[in-house]
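Visitor: Dropping a structure here in structure tokens format, bear with me for questions.
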Amino acid sequence: MLHIISNHFIPVDENTTRMVSDNDIHFTGFMKVVGLFMRGPIKKQTSKYMDNFKLFAETGVPVPRE
């Protein structure tokens, strides 16, 4: 499995920045079968990381690890 993540920050105005996360995932071998069931959990985990980063960027408070 190969998972490449590219994060981009785009200024919207002087107080707002948009974060865009591009995820490129390639499954090989048996992981192709597993990948059919992983789409939802991967999206959920990526969204969680983006929300945690947003909280940190806006408040300066680090999000505790689980």
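Visitor: Per residue of the chain, what 222 nm ellipticity follows from adding -39500 (n - 2.57) for every DSSP H run with n ≥ 4, rounded to the nearest 500? Kindly include the intermediate steps, with their values, before the conclusion.
Guide: Values: 1 runs with 29 residues, N = 66.
Calculated mean residue ellipticity at 222 nm is -16000 deg cm²/dmol.
Visitor: Of the peptides 45-58, 11-24, how do they stack up when ordered by the mean number of other Cβ atoms within 10 Å, highest first?
Guide: 45-58, 11-24
Visitor: Now for a separate question. Taking a quarter of the surface of the convex hull around the Cα atoms of the chain, what do you get in nm²?
Guide: 5.6
Visitor: Taking only Cα atoms, what is the 0 to 90° angle, nearest 10, from helix 31-59's long axis to the longest principal axis of the chain?
Guide: It is inclined by approximately 10 degrees.
Only the coordinates and a few stated rules stand behind these numbers; no lab work does. Predicted model only: the values in this text are computed from it and were never measured. Because the Cβ atoms are built from the backbone with ideal geometry, glycine has one as well, and the counts that use them run over all protein chains shown.
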